[in-house]
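In what follows, a structure is listed as structure tokens, so that the remarks can point back to it.
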Amino acid sequence: MAAELKRRGLASNVGQVAESLALSFFNGTPGRPNLQPAPTGTQNVDVLSRRGDRYSIKGVLDGRKTGTVYPDRDDRDKQLFEYLLMVRIDPEWQLICIHEFDWKTFCEVRSWDTRMNALCVGLAAKTLARATTFVPPTRPDAIGTSQDPDQVPPAGLRSET
């Protein structure tokens with residue numbers, strides 16, 4: 001099945017779907033920067049804006065935190081990207097919302113994942129409240145649809161479309 005998905009150019013994991021949804025949302029939303037894929041193998045950077053801003057994209061389907069961000073081996077405080085996009089996906093793999101953290105905010109809310117020996121961001125409401133949240137116009141129901149209270153964005157989040 002994986003070979004057929006690859007042959008057809010279709011995403012086969014949450015990360016690929018998240019990248020595709022983020023690109024589509026940002027490139028189709030007035031006022032948002034146009035994004036393009038970063039070169040393959042670029043560490044911690046998935047897409048680039050025309051202005052040169054680096055974006056790391058982390059998809060969340062049913063987890064309680066993002067995937068990992070590996071710090072620089074020589075300088076743990078080195079800035080790795082300008083923005084982290086946490087792309088939340090529903091069980092049908094449709095976009096719920098995108099939480100955008102700038103580098104400064106990312107540094108304030110990040111956690112250390114001891115098992116992976118890397119950084120991550122949890123989905124606590126207090127953490128998500130620090131992000132700029134974008135809700136697609138097709139998902140007015142997105143806020144508060146999760147059954148997990150730790151994954152429900154705080155009330156008052158707005159769409160930036």
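Note down the net charge around Asn34, summing +1 for each Lys or Arg and -1 for each Asp or Glu among other residues with Cβ under 14 Å from its Cβ. Write out the running numbers ahead of the final one.
Details: positive: Arg32, Arg50, Arg51; negative: Asp53.
Value of the local net charge: +2.
For the range 25-121, report the accessible area per residue in Å² (1.4 Å probe, heavy atoms, rounded to an integer). Could the numbers behind the result be given before it?
On the way: 5260 Å² over 97 residues.
Here the per-residue accessible area is 54 Å².
Taking H placed 1.01 Å from N in the peptide plane, check which residues at least 5 places from Val60 or on another chain put their amide H under 5 Å from its amide H.
Val87, Arg88, Ile89
Can you send over the solvent-accessible area of Ser111, 1.4 Å probe, protein chains only, in Å² to the nearest 10?
50
The values are calculated or read from the model by the stated rules, or taken from the named source; none is laboratory data. From a predicted model like this one, the values you see are computed outputs, not experimental measurements. Every residue, glycine as well, gets a Cβ built from its backbone with ideal geometry; the counts of neighbours run over all protein chains shown. Accessible surface is based on the protein model in full, side chains and every heavy atom, while ligands, DNA and RNA are left aside. Shrake-Rupley method; radii C 1.70, N 1.55, O 1.52, S 1.80 Å.
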